[in-house]
């Protein structure tokens with residue numbers, strides 16, 4: 001039943017974002033010591049990784065708080081459905097933004113082909129956007145399927 005499992009599901013579903021954020025941050029930090037393209041690619045990986053890590057931690061904590069509220073009866077089936085729909089909406093909006101990140105990143109890389117720093121920045125943004133598009137899109141699809149199952 002969705003209302004009994006959704007918040008624990010959400011907590012688990014945000015784990016890949018947590019791992020990506022951690023690996024991206026660590027990899028980006030290491031790349032900062034490389035020159036040119038790799039340094040700027042690494043800077044993007046580091047910054048986006050920290051943001052992803054923070055979003056995942058906040059989202060997972062919030063999901064656990066809501067799971068506890070559900071167990072205490074403070075959230076009912078309608079509340080769970082509402083939360084699931086809100087989460088799906090956020091994921092859908094993010095998917096659109098992710099596509100924009102990819103396009104902007106690639107545009108920057110192509111526009112400034114003679115500048116390694118700009119190419120690194122552009123490819124770094126595009127890669128982060130690609131991961132997020134896949135993550136957000138698959139998760140939105142999965143949440144939609146859970147909503148169709150109903151309470």
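The values are calculated or read from the model by the stated rules, or taken from the named source; none is laboratory data. It should be emphasised that the depicted structure is a prediction, and the values quoted were computed from it without experimental measurement. Counting neighbours? That spans all protein chains shown, and the Cβs are built from the backbone with ideal geometry, glycine included.
Looking at residue 56, is it modelled with pLDDT of 95 or more and either within 16 Å of residue 126 (Cα to Cα) or surrounded by fewer than 19 Cβ atoms within 10 Å (Cβ to Cβ) (or both)? In short, no.
For the subset of segment 72-93 comprising residues that are outside any helix (DSSP H, G or I) and either in contact with a helix residue (DSSP H, G or I) (Cβ under 9 Å, 6 or more places away or on another chain) or modelled with pLDDT of 95 or more (or both), which member is surrounded by the fewest Cβ atoms within 10 Å (Cβ to Cβ)?
We begin by selecting, within segment 72-93, every residue outside any helix (DSSP H, G or I); these are 72-76.
Still in the running and either in contact with a helix residue (DSSP H, G or I) (Cβ under 9 Å, 6 or more places away or on another chain) or modelled with pLDDT of 95 or more (or both): 74-76.
Values: 74: 10, 75: 19, 76: 12.
Here the answer is 74.
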